[in-house]
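Presented below is the structure to which this report refers.
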Amino acid sequence: MAIIVNLDVMMAKRKISSGDLAEKVGITPANLSILKNQKAKAVRFSTLNDICKALDCQPGDILEYQED
Amino acid sequence: MESKYNNKIIKWSKVATIFFILLVVFADAVGWTSARYICNVWARRDDQLAYTIFTIVYYAVTVLAYVVLISVYKLLANMSKDVVFDTKNTKLMSYIVFSLIGAGVAFAVLGLVWGESAFLALVAWFMALIVLSVKVVFDKAIVMKNDLDLTI
């Protein structure tokens, strides 16, 4: 996958745990783990919106395109 | 309400499957006599070659019938456990398809001594085609379900 999810970097910057972020965003810790471990096949705009709101960042801070 | 209705259908389908399994067991038990009866009365053949082919095809088809019926029973059991779009089910459907194709081949061989059995071969292959179509739909649904499960 050429899209990299840098969620753990942003979480470290904001000093927020997975459990807290999952609770703030309203997703299960298991789903957050899927997202962090690059296993997700798609992200809903609503989820991205909630993550950006919780981490006070832009989508580009979480998602990055890398050539294969 | 809908779930209750579906459970009832699954329950009765399982009962019907067990009934058919028992019928095949009975068919196996009287196989020797019924193969000869079909050979003599239906096919109007009285020679040893026809009788041998009838007996071999008869028992081969009952073995394939066991595979089909047990696969159907397992499929229904999975459905009742809410395991629907799963590779386990498509594997069972593959067994059913291969068994039906095998039964069709057996009936086609029987066509050498009893022409009418070609119709049975066509029915078996047509059923295999239907199950294969359902299997393809299930395969697509499994891919879609996996994508949906990994959409956050």
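The values are calculated or read from the model by the stated rules, or taken from the named source; none is laboratory data. On a predicted model such as this, the values are computed, not experimentally measured, just so you know. Glycine gets a Cβ as well: all are built from the backbone with ideal geometry, and neighbour counts include every protein chain shown. To get the accessible areas, we keep the full protein, side chains included, count just its heavy atoms, and leave off ligands, DNA and RNA. Shrake-Rupley method; radii C 1.70, N 1.55, O 1.52, S 1.80 Å.
Here is how the numbers come out for the structure above:
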| item | result |
| --- | --- |
| Average accessible area per residue (Å²) across region B:2-151 - probe 1.4 Å, nucleic acids and ligands excluded | 63 Å² |
| Spatial separation of Cα centroids for region B:19-84 and region A:1-59, in angstrom | 57 Å |
| Sorted largest first, extent of region B:2-151 alpha carbons per principal axis (Å) | 66, 26, 20 |
| Rough spin-label spacing in nm, given labels placed 7 Å along Cα→Cβ, for B:ASN7 and B:ASP149 | 2.4 nm |
| Dipole magnitude (debye, nearest 20) for region B:46-152, charges at Cβ of Lys, Arg, Asp, Glu | 380 debye |
| Dipole axis of the protein assembly as shown (+1 Lys, Arg; -1 Asp, Glu on Cβ), positive-most option in A:VAL43, B:ALA27, A:ILE3 | B:ALA27 |
| Protein accessible area in chain B, 1.4 Å probe - carbon and sulfur % | 73 percent |
| Estimated FRET transfer efficiency when R0 is 41 angstrom, pair B:LYS88-B:ARG44 (beta carbons, to 0.05) | 0.35 |
| Accessible area buried at the A-B interface, both sides summed, 1.4 Å probe (Å², nearest 100) | 700 Å² |
| 1.4 Å probe, heavy atoms, protein only - residues of region B:117-152 losing at least 50 Å² accessible area vs chain alone | B:LEU150, B:THR151, B:ILE152 |
| Heavy-atom accessible area, 1.4 Å probe, ligands and nucleic acids excluded: residues of region A:16-43 down by at least 20 Å² from chain alone | A:ASN31, A:ILE34, A:LYS41, A:ALA42 |
